[in-house]
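The values are calculated or read from the model by the stated rules, or taken from the named source; none is laboratory data. Predicted model only: the values in this text are computed from it and were never measured. Every residue, glycine as well, gets a Cβ built from its backbone with ideal geometry; the counts of neighbours run over all protein chains shown. For accessibility, only protein heavy atoms count, side chains too; no ligands or nucleic acids. Shrake-Rupley method; radii C 1.70, N 1.55, O 1.52, S 1.80 Å.
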Amino acid sequence: MSGAPARTLLLWCPDWPVLAAEIVDGVPATDPVAVLHANRVVACSERARAEGVRRGLRRREAQGRCPQLTVVDHDPARDARAFEPVVAAVEEVVAGVEVIRPGACALAARGPSRYLGGEEAAAERIVEHVAQTCAVESQVGIADGVFAAGLAARDGRIVPPGGTPEFLAGLPVEALGRPTLTDLLRRLGVRTLGDFAALPAGDVLARFGFDGALAHRLAAGRDHRPLAVRQPPADLTVTADHDEPIDRVDAAAFAARTLAEQLHERLAAHGLACTRLGIEAVTAHGQELHRVWRHDGLLTAAAIADRVRWQLDGWLSGSNGRGGARPARPTAGIIRLRLVPDGVLAQAGLQPGLWGETGEERERAHRALSRVQGILGPEAVVTAVLGGGRSPADQVRLVPWGDERLPARPGPPPLPAAEPPPPAAAPERAVSTRSRAAASAPVPPWPGRIPPPAPAVVLPTPLPAAVHDAAGEPVVVSARLAVSAAPARLTVGAGRPADIAGWAGPWPVDERWWAPAEARRRARFQICLADGAALLLAVEGGQWLVEAIYD
């Protein structure tokens with residue numbers, strides 16, 4: 001490589017992981033906030049730094065320095081999504097942008113400096129446009145090469161042409177961003193980038209390897225890496241404006257078919273397909289309607305048209321707000337219809353199943369359920385998703401049909417139901433049975449989780465019950481989980497008492513004890529009745545409750 005590094009303009013958004021958490025998740029960046037990865041701080045807000053929080057601290061130490069610290073998990077995908085509007089705003093002013101990482105992007109400074117009146121004027125214009133468009137504070141650095149421009153952006157500095165080696169010489173070696181190499185250089189007495197750059201290149205390569213040689217070139221200001229110019233995403237959205245408002249379903253179906261074919265042709269021209277479809281409509285009175293449809297395969301032109309037609313039918317055939325089951329009907333006809341492809345991927349990204357495409361029966365079911373959603377709304381059809389949790393009610397989450405099936409709590413789903421719990425004649429027998437089951441099964445990720453079998457029916461509202469021993473005395477559980485006597489009879493509500501043939505437990509749960517307003521302490525039992533029924537009981541505050549029923 002030869003020649004001088006190109007003049008580079010780099011835009012940097014300080015504390016971007018914190019700002020991304022505010023943009024996406026609503027976490028106030030003005031509060032003490034820390035973003036953690038692998039239990040260590042990777043970014044923190046200005047108020048958190050004022051309290052002594054620094055990058056690299058462990059979670060416990062950071063919370064010790066700032067008790068009111070808000071902790072956010074590191075999410076690179078969230079950072080990238082939030083940074084996309086900032087990059088788009090920069091591209092509205094200049095062209096040829098490269099995303100270095102979420103929170104930093106670079107471009108060649110030569111073009112903007114020419115048509116914006118100089119490097120300083122270009123930097124001010126870009127920073128001002130990003131602030132007005134995205135409400136994000138940023139800083140710009142200009143130097144010879146991407147590496148030096150990134151360091152100059154930390155101070156909002158413009159390094160004169162040819163002055164990059166002098167600018168880098170006084171910076172500490174930690175600026176290289178290589179902790180292992182930095183530690184070794186420090187122990188060898190090399191403190192600054194200038195000291196490192198003064199070492200012979202051959203000796204650096206022999207002692208530190210290829211990565212050390214690359215760092216040596218950066219420290220000397222010889223950054224020749226060309227910018228990888230970002231290609232702006234293609235505008236795949238299709239829109240249709242109608243002079244006459246559409247208020248009939250048949251007219252809406254015709255418009256949906258035409259627009260769906262346009263969208264499919266545009267996607268096919270780019271070799272793309274979509275798995276999610278955003279449908280937007282604007283009425284003559286300015287009312288905006290929006291719905292996202294998801295599909296487990298590629299959306300063909302016919303599938304797109306069907307979903308748009310169903311959605312328009314659902315909007316135009318809705319209720320008039322008088323307590324009907326359907327969503328309220330718009331007050332005027334639709335004058336603008338827009339289709340936004342989401343979940344775009346290459347057409348080769350999804351392959352048919354081992355024996356061909358999705359089965360006909362499954363496709364008919366999918367279309368029927370989607371049709372119901374178009375009429376009654378997305379919440380009208382829901383499916384259950386199993387996840388982690390300590391009780392059956394915690395492990396099930398209902399999501400609308402077609403939405404991403406993500407569990408509400410992390411962890412593997414509960415094991416499938418098996419036979420009813422074995423009978424137990426005394427508390428000692430119950431404890432030993434539980435211990436054997438725990439020893440034979442893998443350790444669950446949620447301590448205190450109910451072991452298998454899983455109940456078939458989880459009651460939305462637990463039923464009050466009473467449990468008595470053989471002498472007719474109420475069975476109680478002490479604070480040390482000691483059962484006063486073996487359960488012998490169960491009475492649910494105002495029903496007749498039923499004999500208990502076997503039981504297992506207790507499985508205690510002491511949740512959120514550190515928050516008195518949210519604390520909950522209870523013990524659960526599996527009960528077999530003499531008639532063969534099996535129940536999941538819980539005792540909380542001295543009250544017995546029936547939580548679930550086994551099949």
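Computed quantities for the displayed model
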{"read-out": "Output for the range 62-87, where each listed residue is of a type in the set (Gly, Ala, Ser), farther than 22 Å from residue 50 by Cβ and surrounded by 15 or more Cβ atoms within 10 Å (Cβ to Cβ)", "value": "80, 82"}
{"read-out": "Filter result for residue 254 (open to solvent by 30 Å² or more (accessible area, probe 1.4 Å) and under 30 Å from residue 100 (Cβ atoms))", "value": "no"}
{"read-out": "Failed item in (1) at pLDDT below 80; (2) in contact with a Ser or Thr (Cβ under 7 Å, 6 or more places away or on another chain), with residue 229 passing the rest", "value": "(2)"}
{"read-out": "Filter result (assigned to a helix (DSSP H, G or I) and at pLDDT 90 or above) within the range 9-24", "value": "16, 17, 18, 19, 20, 21, 22, 23"}
{"read-out": "Inter-residue pairs, beta-carbon under 6 Å, first under 14 Å from residue 76 (Cβ atoms) and in the range 25-42, second open to solvent by 50 Å² or more (accessible area, probe 1.4 Å) and assigned to a loop (DSSP other than H, G, I, E, B), 6+ apart", "value": "35/74; 37/74; 42/74"}
{"read-out": "When residues of the range 25-50 are limited to those that are more than 30 Å from residue 125 (Cβ to Cβ), at pLDDT 90 or above and among the small types (Gly, Ala, Ser), the one surrounded by the fewest Cβ atoms within 10 Å (Cβ to Cβ)", "value": "50"}
{"read-out": "In the range 493-551, the residues that are small (Gly, Ala, Ser), out of contact with any Leu (no Cβ under 9 Å at 6 or more places or on another chain), assigned to a strand (DSSP E or B) and within 20 Å of residue 464 (Cβ to Cβ)", "value": "534"}
{"read-out": "Selected residue [modelled with pLDDT under 85, assigned to a loop (DSSP other than H, G, I, E, B) and open to solvent by 60 Å² or more (accessible area, probe 1.4 Å)] from 447, 455, 451, 460", "value": "447"}
{"read-out": "Checklist (1) modelled with pLDDT under 90; (2) surrounded by fewer than 14 Cβ atoms within 10 Å (Cβ to Cβ); (3) out of contact with any helix residue (DSSP H, G or I) (no Cβ under 9 Å at 6 or more places or on another chain) applied to residue 101, failing item", "value": "(3)"}
{"read-out": "Residues that are among the small types (Gly, Ala, Ser), open to solvent by 50 Å² or more (accessible area, probe 1.4 Å) and under 19 Å from residue 118 (Cβ atoms), drawn from the range 144-185", "value": "162"}
{"read-out": "Residues within the range 124-137 that are in a loop (DSSP other than H, G, I, E, B) and open to solvent by 20 Å² or more (accessible area, probe 1.4 Å), tallied", "value": "2"}
{"read-out": "Scan of the range 174-195 for residues that are in contact (Cβ under 8 Å) with a residue 24 or more places away in the chain and not charged (D, E, K, R), ordered by number", "value": "175, 176, 181, 184, 193, 194"}
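Matching residues to (1) part of a helix (DSSP H, G or I); (2) out of contact with any Leu (no Cβ under 9 Å at 6 or more places or on another chain):
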| residue | (1), (2) |
| --- | --- |
| 54 | no, yes |
| 60 | yes, yes |
| 72 | no, no |
| 80 | yes, yes |
| 84 | yes, yes |
| 105 | no, no |
| 113 | yes, no |
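Residues checked against (1) modelled with pLDDT under 75; (2) outside any helix (DSSP H, G or I):
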site	(1), (2)
331	no, yes
339	no, yes
344	yes, yes
362	yes, no
365	yes, no
385	no, yes
389	yes, yes
399	no, yes
402	yes, yes
